[in-house]
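The values are calculated or read from the model by the stated rules, or taken from the named source; none is laboratory data. Remember, it's a predicted structure, so these values are computed and weren't measured experimentally. As a convention, Cβ positions derive from the backbone with ideal geometry for all residues, glycine included, and neighbour counts pool all protein chains shown.
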Amino acid sequence: MIVKIVAVGPLQANCVIVADDVSLKAIVIDPGDEPDRISGIINAMGLNVEMIVCTHGHFDHMGVVSDIKKETGARIALHRDEIELYKGAKDMAAFWGYELETPPEPDILLSDGDTIRAGGLNFSVLHTPGHSPGGICLYMDNVVITGDTLFKGSVGRTDFYGGDMEKLKQSFRRLMALPESTDVVPGHGPVTTIGHEKTENMFSEEFLK
């Protein structure tokens, strides 16, 4: 599996490009900004993008889904509980002082336990609400892509519309049940591991009670 992490936009959200290293079929996760940069990487690597996945609907994680869809023809997927935030992302962006194109309708509405496939890639969809109602993580082969559910040393905030601290605690516990060697690719900041977050995350003691 090929994994390329690109921090994009003023909020430095991690856009994650994952590809099957044999077929070069790929998935673009959270294309939040800088579409030309993302497309340049896709083209330079010779990838065939089959799906665009939004871990959640906040504008810094899906701001350029339209551009990437136009460039690649890939289908857009997000959790069915996230559609309201996804459709409202333009207004949220305006509130923060950013301009955003109205996103296209998603092609696929995901549920917990679904599988996202591209070539030999088979990611399991983990519904991890808390930061937002339909937040998801993608898990495969000792790698979990966590969006804004889990960061190195922290977790996603819950004071935005749809946030829920109790649900975030449950989602955190679910992630901590993964093997400790699992690499965590978060929505912002550096890569970490489940084992590190069990002991070092500032929320771990409280959330794992």
- prompt: Is there a residue being surrounded by 15 or more Cβ atoms within 10 Å (Cβ to Cβ), in contact (Cβ under 8 Å) with a residue 24 or more places away in the chain and among the charged types (D, E, K, R) anywhere in segment 143-157?
  reply: yes
field: Boolean, residue 101 is among the acidic types (Asp, Glu) and at pLDDT 95 or above
entry: no
Unmet criterion (only one of (1) over 15 Å from the mean Cα position of the chain (by Cα); (2) outside any loop (DSSP other than H, G, I, E, B)) for residue 139: (1)
Residue that is surrounded by the most Cβ atoms within 10 Å (Cβ to Cβ) [pool: residues in segment 115-131 that are closer than 10 Å to residue 171 by Cα and in contact with a His (Cβ under 9 Å, 6 or more places away or on another chain)]: 131
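Residue by residue, here is whether (1) part of a strand (DSSP E or B); (2) surrounded by 14 or more Cβ atoms within 10 Å (Cβ to Cβ); (3) in contact with a Leu (Cβ under 8 Å, 6 or more places away or on another chain); (4) at negative phi holds:
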site	(1), (2), (3), (4)
133	no, yes, yes, yes
162	no, yes, yes, no
166	no, no, no, yes
173	no, no, yes, yes
178	no, yes, no, yes
184	yes, yes, yes, yes
197	no, yes, yes, yes
message: Residue pairs, Cβ under 7 Å, 6 or more apart or interchain, first in segment 1-29 and closer than 21 Å to residue 63 by Cβ and of a type in the set (D, E, K, R), second assigned to a strand (DSSP E or B) and modelled with pLDDT of 95 or more. List them.
response: 4/17
Residues located in segment 39-63, provided they are closer than 15 Å to residue 2 by Cα and β-branched (Val, Ile, Thr): 41, 42, 49
- request: Report, by residue number, each residue of segment 116-131 that is part of a loop (DSSP other than H, G, I, E, B) and of a type outside the set (S, T, N, Q).
  value: 119, 120, 129, 130, 131
